[in-house]
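To start, the structure itself, in structure tokens.
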Amino acid sequence: MEATRSWKLNFGEDDFAALRALVKQHTGIHLTEQKRELVYGRLSRRLRALGLESFRAYREILERNEGEELVQFCNAITTNLTSFFREAHHFQYLREQLLAQAADSRSARRLRFWSAGCSTGEEPYSLAMTIQEALPDVRRWDVRILATDLDTEVLARGARGVYEEERVRGLGTERLGRFFRSDGSAASSYAVTRELRDLITFRELNLMHTLPMKGPFDAIFCRNVIIYFDKDTQRQLFARIAQLQRPGNILFLGHSENLFRVCDDYTLVGKTIYRRN
């Protein structure tokens, strides 16, 4: 009982305001007043891990810009929710439009994709499966998928490419048999095959920083990312993203996201599907 009381930390308005500002600065995420309990719950675990007794002490560590804890701070705040072939109409469009046109073209067989906010890897692996299915001679193509996220922990899981049975259950027997293997552990889990893994490069990337990629990207998946950003942050991000695509390239957003009054460089061509002007 004593231990429980000792860990009920004071979380004042100044603490929440300062941490909210740091979240915005380092991740671009705009936290509303309604997220106060979420912030307390997630960050109080960091205080326990560090043996700290106040949020002020924790803020001082962050404000000194101590790299490792800033990474842990960002990991604790960011939300990761994903699944294989989430918003399936995007992958259908990719297959029937972009990949079908590429397969029929006599131009250079080069394709580049970016999964921004890739979380634990289901999105880029879904993209890789779609490419493998649409391009039977994919080995003769120059295809690369860049998968990035701010959260280093989910990135490591994505790069490992091992998923519990419940995560792959909806893929169907054909895809499961072609693209996954039992990882040999006692638990029921599956590892992606090398043919998928070889198409993807996982990298840590903060979308608030200068984007180091040159592009151009034939398609960018930036889904369920900007929902946490305010309009000014969205405008700044898409001004930079637009520079990584050529006219005709495709941008996919999440189901509740749009570019209305955000960016004029794209035209809506389908449900949360945009084409670069």
key: Among the candidates 238, 260, residue that is more than 17 Å from the chain's Cα centre (by Cα) and over 16 Å from residue 147 (Cβ atoms)   = 260
ask   = Tally time: how many residues in the range 10-29 are over 13 Å from residue 73 (Cα atoms), surrounded by fewer than 17 Cβ atoms within 10 Å (Cβ to Cβ) and of a type outside the set (A, V, I, L, M)?
value = 4
ask   = residue 96 fails exactly one of the following numbered conditions: (1) buried (at least 16 other Cβ atoms within 10 Å of the Cβ); (2) not assigned by TED's automatic domain parsing to the domain that holds residue 14. What is the number of that condition?
value = (1)
task = Take the residues in the range 237-267 that are of a type in the set (Gly, Ala, Ser) and assigned to a loop (DSSP other than H, G, I, E, B), then tell me which one is modelled with the lowest pLDDT.
result = 256
query = Between residues in the range 249-273 that are not assigned by TED's automatic domain parsing to the domain that holds residue 233 and residues that are in a strand (DSSP E or B) and not aromatic (Phe, Trp, Tyr), which pairs lie under 6 Å by C-beta distance while being six or more apart or on different chains?
reply = none
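The values are calculated or read from the model by the stated rules, or taken from the named source; none is laboratory data. Keep in mind the model is a prediction, meaning the values are calculated, not measured. Backbone-built Cβ (ideal geometry, glycine too); neighbour counts: all protein chains shown.
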